[in-house]
Structure formats: structure tokens, C-alpha cells
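Data first, discussion second: the structure below is written as C-alpha cells.
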């Protein structure tokens, strides 16, 4: 069975069974057909009730298919739960569904319990019937909302108790709510600060190995940039055009801890990183992400390798959405050390979150190795990128 079954019975039912048994034998003594029929009727109902509760749910199937829908806060969505019954019909059942309070039920019937909502829905299912139940909701804040538990409460024939079918497996239906971006100042300042290999819209540097085309010659153009073949074909002087390039690879390094707890500015920090991710996607800037949440694998923290475009943006938004308020945190110093020794460095290292003296030393060492260090400065409801000053010349253990 997919369902764990247990019963909650009223003591009155047992007393009724004992009384019916007593009346059954008493009817022979009093030779009363009325007493006999009453006792037999009650015993038949009790037997039928026991038989029904014994086998109900044995051929009840829930289509637990993986479903992860993506949203932003204040959007509407729904879960679809499909059931198929090949066994005894479920009559006057009540389906109870428990899910995270990151989303709220639209119909207003949910009851808040701690960090979850409990939704009670009258739901019956006949023999050989397939029904789909839709649960509409509205997203409330960033995070991952899951259906944590599902129970089907089936009342007894006499109303003296109930049988509960609890779904045993993990329900793989989720609502992933992305963080909303906030304004981050000074992002354009570091877009084309030095030459490199990434193509950008505006930069002082050009890739002279791969011409991008030609244009009409102007007097300010250098003579050695004239394309003579194109000039002969166009019967006018043509100047070579080269793509603008810059060294713009970014690495976003987040410390979500504050001493032994999660930083109280977690949402603001994640929203600022969301804005930086959108900025990188718009300007085709390759970027990677590290978050000091423990993660099983060769890399002991949450890491997204460098990439660009919409696919990279989706990976980063999903990573930011799954950060919860009670994660298993890896010390930030260990993450920085692992990044320096094992991961591909980027020209720009962007730090967000709290720093300790040891993490400052490690960031100084990364800066001495050629990276430009930027810091996310949270100010009110906005944020800004600030350039870190040159490191102090002192020894750093590695």
C-alpha cells in the first residue's frame, strides 16, 4: 500500500458491539424476534464497518509525479493532485493537506499551524474513479513551498470514530519562489575596467584578431586600420571595426551567516545578488556563485560554475530560492580557502555578507593574486557595489 492506515475509534462502538452480542443471546431466552433482528442488524453493521475499514485504501493510488513550478512573490498558482481508486469507494472522506506557509491558500479555508497551513477538503472517490483535485494558492515570499503531508480521514458508518490514510512517500510537488531584485548601484562602473576576452557593448579595448566589419573612413582613424580590399570594392576608404572586449568575469561569494546564526539581512542580500544576476545576463557577463551552505559532494558548499545567459540566470535564481532560514552553514573561511585552491578564479570577486578577520585575510590573498575585490554594501532598501582598497602587505597563511 501507498498509504499508512490507522484508526481512531470511540469507546461507544465497542460498548455497542458488546450490547448487541448480549441482545443476540438474550433474544433466545426471551424468544423475541424483534430483539433478535435488532441485535443481528447491529452486528452486521459493525462487521461491515470493520470489513470496509480493513480493505479501504488498499487499491488507492496517488500520481506522485515530479512538479516544480517557478514563481515570484505575489503570483498565483495551483497544485494538481490526481487520485485513482480501484478498491472500496471512499465515502464522505475529508482530505487534509499540510504545506509550507511560503504560499497561502486562495480560498481562505486554510488554518495556520506554526510554519504550515492545514487545508481540509471534503473529497470522496468511488470505485474505479479517477479525480483531480486542484489547490489554488498565492505566493507570499521567497523560498520553496512543499506539500509536507497528506491524510485522508474516512468516518465510520456510525460516526463513532474514523480511519486515517496517511500517504507514506515524499510528495514531490513544489513551488519555487524566486527573490525579487533590488537596486544595486555602481554596477556599470566595473563593466569594462580592463582588457580581456568577453564581448561587451562598451569598452576601451578591442579584439584585433577578429574584425567585426567595416565602416566609412573618417580623418581621426588610424591609417593602418584601413581595409584595402573592402575599400577597393566599395570605391571609398573603409575602416576595420573590431569587437569591444573586457575582462568582466564575476564571482559572487555569499556569506549567509552572522556568527552562529543566519544573517538578519538575508533577504536583502539575496535580492541584491538577484539584481547582479539579471545585470550579468543582460550584458552577457560570465559569472559564478558560491554560498556557504553545506552540500554533499566533491565541493562541500553550494557552487554554480561560471556561465552566462538565461540558463545560468535560472540556475542562480533557483539556488537563491532554496536558501532557507535554517540551513547547515559551512564556515565562510573554509569556503574561501576551497575557492582559492580548487576553483576557477574570475577577474572580479564580489563579496556579500559579514566578514571575520580570517576571511578578510583570505580575501586579501585573493586580491594579491590579481582579482579585483568588490563588496556588496547594504544600505536601507537598496545596495551598492564598492571597490575594496588594496590589501595590506602582511603574510597570510594558506
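The values are calculated or read from the model by the stated rules, or taken from the named source; none is laboratory data. Quick caveat, the model's predicted, so the values are computed rather than measured. Heads up, the Cβs are rebuilt from the backbone with ideal geometry, glycines too, and the neighbour counts pull from every protein chain shown.
Picking from residues in the stretch 367-398 that are modelled with pLDDT of 85 or more and touching a helix residue (DSSP H, G or I) at 6+ places or on another chain (Cβ under 6 Å), the one that is surrounded by the most Cβ atoms within 10 Å (Cβ to Cβ) is 383. Within the bounds of the stretch 296-315, is there any residue that is crowded, with 19+ Cβ neighbours inside 10 Å, in contact (Cβ under 8 Å) with a residue 40 or more places away in the chain and touching a helix residue (DSSP H, G or I) at 6+ places or on another chain (Cβ under 7 Å)? Scanning the stretch 296-315 turns up no residue that is crowded, with 19+ Cβ neighbours inside 10 Å, in contact (Cβ under 8 Å) with a residue 40 or more places away in the chain and touching a helix residue (DSSP H, G or I) at 6+ places or on another chain (Cβ under 7 Å). Counting the residues of the stretch 294-308 that are in a loop (DSSP other than H, G, I, E, B) and farther than 17 Å from residue 349 by Cα gives 6.
Residues in the stretch 65-81 that are surrounded by fewer than 14 Cβ atoms within 10 Å (Cβ to Cβ) and closer than 30 Å to residue 53 by Cα: 65, 80. Could you tell me whether the stretch 47-60 includes any residue that is in a strand (DSSP E or B) and either touching a helix residue (DSSP H, G or I) at 6+ places or on another chain (Cβ under 7 Å) or modelled with pLDDT under 95 (or both)? Among the residues of the stretch 47-60, at least one is in a strand (DSSP E or B) and either touching a helix residue (DSSP H, G or I) at 6+ places or on another chain (Cβ under 7 Å) or modelled with pLDDT under 95 (or both), which makes the answer yes. Taken as a whole, the stretch 110-127 holds at least one residue that is in contact (Cβ under 8 Å) with a residue 40 or more places away in the chain, more than 26 Å from residue 326 (Cβ to Cβ), in a strand (DSSP E or B) and over 24 Å from the mean Cα position of the chain (by Cα). The set of residues in the stretch 309-346 being under 28 Å from residue 361 (Cα atoms), part of a helix (DSSP H, G or I) and over 15 Å from the mean Cα position of the chain (by Cα) consists of 332, 333, 334, 335, 336, 337, 338, 339, 340, 341, 342. Among the residues making up the stretch 250-274, a single one is in a strand (DSSP E or B) and free of Cβ contacts under 8 Å to residues at least 60 places away in the same chain: 261. When residue 352 is tested against (1) part of a helix (DSSP H, G or I); (2) surrounded by 21 or more Cβ atoms within 10 Å (Cβ to Cβ); (3) touching a helix residue (DSSP H, G or I) at 6+ places or on another chain (Cβ under 6 Å), just one condition goes unmet, and that condition is (1).
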